[in-house]
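Student: Sharing a structure, written as structure tokens. Questions coming.
The values are calculated or read from the model by the stated rules, or taken from the named source; none is laboratory data. Source: prediction; values computed, not measured. Virtual Cβ from ideal backbone geometry, glycine too; neighbours counted across all protein chains shown.
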Amino acid sequence: MKKTSVRFQTLFLYLVVMTLVLAACGSAKSGNNGGNSGGAAGTPSTTEGSTTAAPGTDAAAESNKPLPPVKLLNVSYDPTRELYVEFNQAFAAHWLKEKNQKVEIDQSHGGSGKQARTVIDGLKADVVTLALGYDIDAIVDAGLLGSDWQSQFERNSSPYTSTIVFLVRKGNPKGIKDWNDLLKDGVEVITPNPKTSGGARWNYLAAWGYALKQNNNDEEAAKQFVKDLFKHVPVLDTGARGSTTTFVERGLGDVLLAWENEAYLSINELGPDKFDIVYPSISILAEPPVAIVDKTVDANGTREVAEAYLQYLYSDEGQKIAGKNYYRPTDEAIAAQFAEQFPSLELLTIDKDFGGWKEAQTKHFADDGIFDQIYTPGA
Amino acid sequence: MAGAISVHTDSEASKRPRHITESPVVKWLLIGLALAFLGLVVALPLVSVFVEAFRKGAEVYVKALTEPDALSALKLTLLVAVIAVPLNTVFGLAAAWAVSKFSFKGKNFLITLIDLPFAVSPVIAGLVYVLLFGAQGFFGPWLDERGIQIVFALPGIVLATVFVTVPFIARELIPLMQAQGVQEEEAAASLGARGFAIFWRVTLPNIKWGLLYGIILCNARAMGEFGAVSVVSGHIRGQTNTLPLHVEILYNEYQFSASFAVASLLVMLAVATLMVKAIVQWKSSAH
Amino acid sequence: MKGSRKIRVLPGFGLSLGFSIFYISLLVLIPLAAVFIKSFDLTWAQFWSTVSNPRVVASYRISFSTAFWAGAINAVFGLLVAWVLVRYRFPGKGLIDSLVDIPFALPTAVAGIALTTIYAKNGWIGSLLDPLGIKVAYSQSGIIIALVFIGLPFVVRTVQPVLQDLEKEREEAAVMLGAYRLRTFIKVILPELLPALLTGFALSFARGIGEYGSVVFISGNMPLKTEIAPLLIMTKLEQFDYAGATAIAAVMLTISFILLLLINLLQWKMNRRTLSE
């Protein structure tokens, strides 16, 4: 009996030690975290100070001595890497000039849905710039920002837009001009999986919209169309970038359904002499939205700079950077400068033609939705 | 499951009298077959990593490795390994001691639990920590109130890595210590040696190669883990990206050469540790 | 427990076992329990309809069958590699020996990308196979190749030490009795190796069921054809359906655990048999 109690003592001692080790580890992380949101712990007073100071009278006095540097975390989706690398630099320079404060913007990229989930699960994003409003709505459901986010910034909180185009091999050997050409015998279509990729949902919906239009809004015919379309898809990558690699590097498929900006980027990065872009008769207006994560900016005291950051996307410079990175600027004057790059075509919109993301999602992409039915055995 | 991932390189077994080995023809045929298989499945992917890495020349290669994001990823990867490997070493020693030197009920169950991370999908390995410590997880709100960040920060990455590498050292030591039995330790104990002295003087010298090999494997896997870490990392450039994640990022940015360059660095880290092990072993056997 | 106390001369049982159990509970058991607890968010009917959905069932079938074939291939070739490494001497043997560990060290995503590069129809090997009408990348054979890569060290490193310690005497005896080499191998050596081989197979198999990083690149992810179960977990997560994801995960975990437990019991029984001999 005594022996047992001794054993238990040692055991207990070990438990305590282990817990302490883990606790130390825990505080180390929060210390480490201090680096990340370190602005966070340190800045609330200062940034809030500047929030009140900015409209106040002593803004000039404030700008004489440099404010402590601030950090933002922008959680975005895959294709925007290049855009935000450039834009972050521009904004940092702008902010330094304006407020005499250094701002450092951290970037995180991944599939849009996955990124939204990461934010819901606790990644402290100050701003999110995702592919679909649906993904931001999911963050709303978790209570991290208000449901009115879409009215916080102009134009549905979408500073730039894009659309879905076809990337074909040089000279378009299969003669692909429009959506119905994708169903021709021997044509292989590369698109990511709409269940895992935001971009692929736009692809799918554009095809659906085309089919509806061709068949006088007959849903059954549209169903058959997308079903036939996906019979021509040999590989379903999990993300847009994966599909591009499959098409470009592996040489698979005759046509890649891609974001307009991705198509341009692949041509520039991977071989102007290898691919052509084809604009179909009808496509979809993709409006990648931006939003402030209220909970994080309130905790970090970064609301002012976060708002300015997203607002700057609408400035002339921001719009130009978007255009340079092959996103369609929403500012008409700037868009006009890029008119040559972005041919106009008939574009469906999510809200008007599909009843918004919630409806499109449940109808098409949720489990047992129309997309799943394509791949139901015996269907 | 005696003998999982264990290796002894005494050359005794390869010195065999003629009548119990194969004819040279069969021998070389078997060697050829084995090499062809290894070449096709292991060596070729490895070679392709290096070929792709140098496709755009040594300059791109060096630049890919010295870029700040790559350096911070390297730092993070090493830091994670430095925390995870000692933890698993202590655990491996304790578990092997308990399992191999004593008999108790539920031993098979314990060994199976130790094996389990081998069989758990990396996706699940990452997911469990999100379920526990994520903002929506069981402990999420509690941690959040105290401002402690576990997932999408260093602790989460360490936890996921530890999870994936738990079995390596224990599984290496258990069969080894089982094979050695308890006689030597018991003799030492009967001569009055104290607990830790027995371990230090008697057990450790016997298992040092197995232990070293286990540590090396554990370390290699800790530095190379992708799936589980990917789920808990948050992918913040320059902060929570480990080398394997950095490889993926570069790949997704169409910087294929740079991506393979970073991958080749991981290969070299692994190969270097394996080399060190071979050299140390060779030197000690020469004594 | 009580019966065995008498032989416990050595110190540290409570400490080492206590720590082991504590550590494994904290890092493995409790986290994995979270999967099951989360899947209880579903009613039994929901749970069942999730895991019995034809897509999910197909993905289980694909995951298990490809992992099985990869395990089988590894059992054969892993044995061969172990045999060659133990029994023969040839130049570069040390290097080859280290090569076996590479799959442990290489990040799975890199392995997947590298294998896809090689076996795609414009890759080094894929371009040779394509004219023959053999498609490796983006088919189930691609998945098997990736899993062979991932699982190989498990078999080699399990079989190697047993082969090393095999006593010469038995083989000598068989030879003296006039048995041919192949017969000696089948009748004398193979039975001795079987437990280790089985363990290696099981580890490779178990690892293959859950593998994600390398497979998604090479499989093509076609529903019902090359869509693996871990990918469906990711798909569920993508739709913010945590409970559904954990339901699929719970089934996989249970199967893996039972598999490993069976193998450990089998191994234990076989060890006992050899000990009592």
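Student: Counting residues that are at pLDDT below 90 and either touching a Ser or Thr at 6+ places or on another chain (Cβ under 8 Å) or within 14 Å of chain C (Cβ to nearest Cβ) (or both), which helices (runs of 4 or more DSSP H) fully inside the stretch A:198-293 reach at least 2?
Tutor: Here the list reads A:198-214, A:240-248, A:260-270.
Student: Does B:Ala81 satisfy the criteria of being in contact with a Pro (Cβ under 9 Å, 6 or more places away or on another chain), more than 8 Å from every other protein chain (Cβ to nearest Cβ) and at pLDDT below 95?
Tutor: It is false that B:Ala81 is in contact with a Pro (Cβ under 9 Å, 6 or more places away or on another chain), more than 8 Å from every other protein chain (Cβ to nearest Cβ) and at pLDDT below 95.
Student: Right, here's the next one. Step by step: first the residues of the stretch A:74-89, then only those that are within 11 Å of another protein chain (Cβ to nearest Cβ) and free of Cβ contacts under 8 Å to residues at least 60 places away in the same chain, then the one that is surrounded by the most Cβ atoms within 10 Å (Cβ to Cβ). Which residue is that?
Tutor: Ranking the candidates gives A:Val75 first.
Student: Another question, then. Kindly indicate whether any position in the stretch C:216-229 is in a helix (DSSP H, G or I), more than 20 Å from the chain's Cα centre (by Cα) and not assigned by TED's automatic domain parsing to the domain that holds C:Val35.
Tutor: Scanning the stretch C:216-229 turns up no residue that is in a helix (DSSP H, G or I), more than 20 Å from the chain's Cα centre (by Cα) and not assigned by TED's automatic domain parsing to the domain that holds C:Val35.
Rundown of residues vs (1) at pLDDT below 85; (2) within 29 Å of B:Phe54 (Cα to Cα); (3) more than 9 Å from chain C (Cβ to nearest Cβ), yes/no style:
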site: B:Gln183; (1), (2), (3): yes, no, yes
site: B:Ile215; (1), (2), (3): no, no, yes
site: B:Ala222; (1), (2), (3): no, yes, yes
site: B:Gly238; (1), (2), (3): yes, yes, yes
site: B:Ala261; (1), (2), (3): no, yes, yes
site: B:Ala272; (1), (2), (3): yes, yes, yes
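Student: Tally the residues that are part of a helix (DSSP H, G or I) and either more than 22 Å from A:Trp259 (Cα to Cα) or without any contact (Cβ under 8 Å) to a residue 40 or more places away in the chain (or both), restricting the search to the stretch A:328-350. First the steps, then the outcome.
Tutor: Kept after step one, since they are part of a helix (DSSP H, G or I), are these residues of the stretch A:328-350: A:332-337, A:350.
So of that shortlist, the ones also either more than 22 Å from A:Trp259 (Cα to Cα) or without any contact (Cβ under 8 Å) to a residue 40 or more places away in the chain (or both) come out as A:332-337.
Here the count works out to 6.
Student: Across the stretch B:93-108, which residue is surrounded by the fewest Cβ atoms within 10 Å (Cβ to Cβ) among those that are in a helix (DSSP H, G or I) and at the interface with chain C (Cβ under 7 Å from one of its Cβ atoms)? Working first, answer last.
Tutor: Within the stretch B:93-108, the subset in a helix (DSSP H, G or I) is B:93-101, B:107-108.
The next check asks that each one be at the interface with chain C (Cβ under 7 Å from one of its Cβ atoms); those that pass are B:94-95, B:97-98, B:101, B:108.
Values: B:Ala94: 22, B:Ala95: 29, B:Trp97: 25, B:Ala98: 24, B:Lys101: 24, B:Asn108: 17.
Per the criteria, the residue is B:Asn108.
Student: Consider C:Met176 against the criteria (1) modelled with pLDDT under 85; (2) buried (at least 24 other Cβ atoms within 10 Å of the Cβ): it satisfies all of them except one. Which criterion is unmet?
Tutor: Every condition holds for C:Met176 apart from (2).
Student: Of all residues in the stretch A:167-181 being touching a helix residue (DSSP H, G or I) at 6+ places or on another chain (Cβ under 8 Å) and not β-branched (Val, Ile, Thr), which is surrounded by the fewest Cβ atoms within 10 Å (Cβ to Cβ)?
Tutor: Going through the stretch A:167-181, the residues touching a helix residue (DSSP H, G or I) at 6+ places or on another chain (Cβ under 8 Å) turn out to be A:167, A:174-176, A:178-180.
From what is left, the residues that are not β-branched (Val, Ile, Thr) are A:167, A:174-175, A:178-180.
Values: A:Leu167: 26, A:Lys174: 16, A:Gly175: 12, A:Asp178: 14, A:Trp179: 23, A:Asn180: 17.
Restricting to residues being touching a helix residue (DSSP H, G or I) at 6+ places or on another chain (Cβ under 8 Å) and not β-branched (Val, Ile, Thr), the top hit is A:Gly175.
Student: C:Val251: within 20 Å of the chain's Cα centre (by Cα), modelled with pLDDT of 85 or more and surrounded by fewer than 23 Cβ atoms within 10 Å (Cβ to Cβ), yes or no?
Tutor: Yes, satisfied.
So that you can scan it fast, the table gives a plain yes or no per residue for (1) under 22 Å from A:Arg328 (Cα atoms); (2) at pLDDT 90 or above:
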site: A:Phe91; (1), (2): yes, yes
site: A:Lys99; (1), (2): no, no
site: A:Gly113; (1), (2): no, no
site: A:Lys124; (1), (2): no, yes
site: A:Val128; (1), (2): yes, yes
site: A:Tyr134; (1), (2): yes, no
site: A:Ser158; (1), (2): yes, yes
site: A:Thr163; (1), (2): yes, yes
site: A:Val168; (1), (2): yes, yes
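Student: Taking the conditions exactly as written (farther than 28 Å from C:Val215 by Cα, hydrophobic (A, V, I, L, M, F, W, C) and assigned by TED's automatic domain parsing to the domain that holds B:Trp209), does B:Leu110 satisfy them or not?
Tutor: Values: farther than 28 Å from C:Val215 by Cα: yes; hydrophobic (A, V, I, L, M, F, W, C): yes; assigned by TED's automatic domain parsing to the domain that holds B:Trp209: yes.
Yes: the conditions hold for B:Leu110.
Student: Which helices (runs of 4 or more DSSP H) does the stretch C:79-180 wholly contain that include 1 or more residues that are more than 9 Å from chain B (Cβ to nearest Cβ), over 27 Å from A:Arg250 (Cα atoms) and under 17 Å from the mean Cα position of the chain (by Cα)?
Tutor: Here the list reads C:140-165.
Student: In the stretch B:133-155, how many residues are crowded, with 23+ Cβ neighbours inside 10 Å, free of Cβ contacts under 8 Å to residues at least 40 places away in the same chain, facing another protein chain (nearest Cβ under 7 Å) and not in a loop (DSSP other than H, G, I, E, B)?
Tutor: So the count comes out to 1.
Student: If you don't mind, there's one more thing I want to ask. So for the stretch B:68-76 (the condition being among the acidic types (Asp, Glu), within 7 Å of chain C (Cβ to nearest Cβ) and touching a residue at least 40 places away in the same chain (Cβ under 8 Å)), does at least one residue qualify?
Tutor: Initial filter on the stretch B:68-76 (among the acidic types (Asp, Glu)): B:69.
Now drop any that are not within 7 Å of chain C (Cβ to nearest Cβ), which leaves none.
Looking for residues that are among the acidic types (Asp, Glu), within 7 Å of chain C (Cβ to nearest Cβ) and touching a residue at least 40 places away in the same chain (Cβ under 8 Å), one finds none in the stretch B:68-76, hence no.
Student: Follow-up. Going by the conditions given, is C:Leu193 surrounded by fewer than 17 Cβ atoms within 10 Å (Cβ to Cβ) and more than 7 Å from chain B (Cβ to nearest Cβ)? Show your work before the answer.
Tutor: Numbers: surrounded by fewer than 17 Cβ atoms within 10 Å (Cβ to Cβ): no; more than 7 Å from chain B (Cβ to nearest Cβ): yes.
No, not satisfied.
Student: Can you find a residue that is in the same structural domain as A:Gly355 (by TED's automatic domain parsing), surrounded by 22 or more Cβ atoms within 10 Å (Cβ to Cβ) and under 29 Å from A:Asp351 (Cβ atoms) anywhere in the stretch A:246-255?
Tutor: Scanning the stretch A:246-255 turns up at least one residue that is in the same structural domain as A:Gly355 (by TED's automatic domain parsing), surrounded by 22 or more Cβ atoms within 10 Å (Cβ to Cβ) and under 29 Å from A:Asp351 (Cβ atoms).
Student: Please state which one of A:Ser112, A:Ser108, A:Ser162, A:Ser151 is out of contact with any Asp or Glu (no Cβ under 6 Å at 6 or more places or on another chain), at negative phi, among the small types (Gly, Ala, Ser) and crowded, with 22+ Cβ neighbours inside 10 Å.
Tutor: A:Ser108
Student: Given the conditions (1) buried (at least 18 other Cβ atoms within 10 Å of the Cβ); (2) farther than 25 Å from B:Val232 by Cβ; (3) within 7 Å of another protein chain (Cβ to nearest Cβ), and given that C:Asn53 satisfies all but one, which numbered condition is not satisfied?
Tutor: So C:Asn53 meets the others, but not (3).
Every residue, every condition in (1) without any contact (Cβ under 8 Å) to a residue 24 or more places away in the chain; (2) surrounded by 20 or more Cβ atoms within 10 Å (Cβ to Cβ); (3) over 25 Å from C:Leu79 (Cβ atoms); (4) not assigned by TED's automatic domain parsing to the domain that holds C:Phe64, yes or no:
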| position | (1), (2), (3), (4) |
| --- | --- |
| C:Lys93 | yes, no, no, no |
| C:Lys121 | yes, no, yes, no |
| C:Gly126 | yes, yes, yes, no |
| C:Ser139 | no, no, yes, no |
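Student: Out of everything in the stretch B:63-72 that is assigned to a helix (DSSP H, G or I) and more than 12 Å from B:Ala263 (Cα to Cα), what residue ends up being farthest from the chain's Cα centre (by Cα)?
Tutor: Filtering first and then ranking leaves B:Lys63.
Student: While we're looking at this one, here's another question. Might you let me know whether the stretch B:182-198 holds any residue that is buried (at least 18 other Cβ atoms within 10 Å of the Cβ), assigned to a helix (DSSP H, G or I) and among the charged types (D, E, K, R)?
Tutor: There is at least one residue in the stretch B:182-198 that is buried (at least 18 other Cβ atoms within 10 Å of the Cβ), assigned to a helix (DSSP H, G or I) and among the charged types (D, E, K, R).
Student: Only one of C:Ile7, C:Ile37 is at pLDDT below 85, surrounded by fewer than 20 Cβ atoms within 10 Å (Cβ to Cβ) and more than 25 Å from the chain's Cα centre (by Cα). Can you tell me which?
Tutor: C:Ile7
Student: Scan the stretch C:12-33 and tell me whether some residue there is more than 30 Å from B:Arg194 (Cα to Cα) and touching a residue at least 24 places away in the same chain (Cβ under 8 Å).
Tutor: Start the filter on the stretch C:12-33 by keeping residues that are more than 30 Å from B:Arg194 (Cα to Cα), which leaves C:27-33.
Narrowing the set further to residues that are touching a residue at least 24 places away in the same chain (Cβ under 8 Å) leaves C:32.
Yes, the stretch C:12-33 has at least one match.
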